[in-house]
Amino acid sequence: MKIGERENFGSKLGVVLAAAGSAVGLGNIWRFPIETGQNGGAAFILLYIICIIVLGMPIMLSEFLIGRHTHANTAGAYRMLAPRTQWKWVGRLGVFTGFMILSYYSVVAGWTAEYAVLAASNAFEGKTIEDFPRIFGEFASNPWKPVLWLIAFLVLTHVVIVRGVNSGIEKFSKILMPLLFIIVVILVICSVTLPGASKGVEFLIKPDFSKIDSSVVLSAMGQAFFSLSLGMGCLCTYASYFGKDTNLAKTVLNVCVIDTFVALMAGFIIFPASFSAGYALGPEDIGPSLIFITLPNVFQQAFAGAPVLAYIFSVMFYILLVVAALTSTISMHEVATIYLSEEFSMSRRKAATIITSCCIVLGIFCSLSFGVLNGFRMWDMTIFDLFDFASSNILLPVGGMFISLFAGWHLDKQLFRDEITNGGIIRAPYFRVLLFILKYVAPLAICCVILNQFGVLF
Ligand code: PFF
């Protein structure tokens, strides 16, 4: 393929699976259960679903239509729709945010690969609750092992990206996403049928509204953004490969349903197994400790009488994490690669190589912040924490706010309507409500999330 030529996704299934692959990731399987556990179980889930419908869907639709209309990388897209204005910075901010998330996200993705290997080599059998913090602590602070996994994960992502949109992103999404669904279903069945698992199921379906306060509402909003890959031009970039006949609203609905389904199912994997093992997830199960310390122990205890089942369950769980992380890293890498390739007229391979190399360097700093660089802190945060906080809690919401302002106020209404109706073919009775949300509701709500991060509001 020559420089400047563009591919499109080849099928409707490819479109949905690639976009869902970006959305479904560590955010669903790791972050969602933690947030649910800490914020009141079913009551949080209800709020989360409201956030997906009221904020997530309109912003995702905006990203889709901006990308599909311009058929350009995210920075180019804003430049084309708003020439000679500063809106191009929204696209550039997205590329920067994606690059930052990719750097630290690949560190955790690398850990999931190490744990998949540990699980497969039966390293967890016979281990007790005292062993797992030590195993994880030794691994994460090791100067070279996590770095090697980080490099391996980024190189794997690189290989898919270099193959292009059809033979890379679409083909791998079509293989990896069905595999992910199969693993999810098997793990849910195993977990909910464990003795004593019903308490975990109850926790997920019986809302406790007394836990709901303003900060829980804001956590639900933040989680919805991260989980749907919103606010950094990722879905805008994927939509630039959609064909003119893609039904944007239907694709939004499909992606949101799949993403929410996988997040809920992750809850049905983790909570029933934890309750069955007699372990109630608590405030200490935040960050990496849930999947790398608590859960390997929970799986051993829950299947204490059947080591073979504990083995199979653990292996499948960590493979699930690897697959979910890979489809997401691919999407983040693509945002930056196509930006470099189109804006600086370079081949896909060269652009991807630059991005992979830079992410490896930044990723190494993030990785070492669990070991030798642990003492190096800014605003009391390690490099890893800083990257996580700045990108997920500030840059993504800021990006999302500007996307909704752009779509609601700047974008030509006729262009907007034409895109979501495919030139008048599809009905869009929700158009006015959508515009109202994009103009007022979403920017205001997101503004509250950001102010809350800094303790200004609550
Ligand atoms: N949505 C991904 C997850 O839930 O893990 C994370 C993510 C991917 C965030 C791509 C942002 C992004 F652009």
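All of the numbers you see were taken from the coordinates with simple rules; none came from a lab. Since the model is a prediction, treat every value here as computed from it, not as a measurement. A quick note on method: Cβ atoms are made from the backbone with ideal geometry, for glycine too, and the neighbour counts reach across all protein chains shown.
Suppose we keep only residues that are hydrophobic (A, V, I, L, M, F, W, C) and in a loop (DSSP other than H, G, I, E, B) within the stretch 362-387. Which one would you say is surrounded by the fewest Cβ atoms within 10 Å (Cβ to Cβ)? So that I can check it myself, show each step before the final result.
If we filter the stretch 362-387 for residues that are hydrophobic (A, V, I, L, M, F, W, C), which is where we start, we get 362, 364-366, 368, 370, 372-373, 376, 378-379, 381, 383-384, 386-387.
In the following step, the residues that additionally are in a loop (DSSP other than H, G, I, E, B) were identified as 370, 372-373, 376, 379.
Working: Phe370: 21, Val372: 10, Leu373: 17, Phe376: 11, Trp379: 8.
Here the residue is Trp379.
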Of the candidates Ile175, Ile135, the one satisfying the condition of being of a type in the set (Val, Ile, Thr) and either in contact (Cβ under 8 Å) with a residue 60 or more places away in the chain or over 25 Å from Ile355 (Cα atoms) (or both) is Ile135
With the requirement that a residue be under 17 Å from the mean Cα position of the chain (by Cα) and either charged (D, E, K, R) or within 8 Å of the ligand (Cβ to nearest atom) (or both), what does the stretch 234-247 give you? Cys234, Leu235
Quick one: Ile182 ticks every box in (1) touching a Leu at 6+ places or on another chain (Cβ under 9 Å); (2) without any contact (Cβ under 8 Å) to a residue 24 or more places away in the chain except a single one, so which number is it? (1)
Residue under question is Phe32, and the condition is that it be of a type in the set (A, V, I, L, M, F, W, C), away from the ligand (no atom under 16 Å from the Cβ), over 14 Å from Gly233 (Cα atoms) and buried (at least 23 other Cβ atoms within 10 Å of the Cβ); does it hold? no
For the stretch 170-276, please list each of the helices (runs of 4 or more DSSP H) lying entirely inside it that holds at least 3 residues being over 26 Å from Leu93 (Cα atoms). 171-192, 198-205, 214-227, 248-276
Residue pairs, Cβ under 6 Å, 6 or more apart or interchain, first in the stretch 225-248 and over 23 Å from Ser11 (Cβ atoms), second part of a loop (DSSP other than H, G, I, E, B). List them. Phe225/Gly231
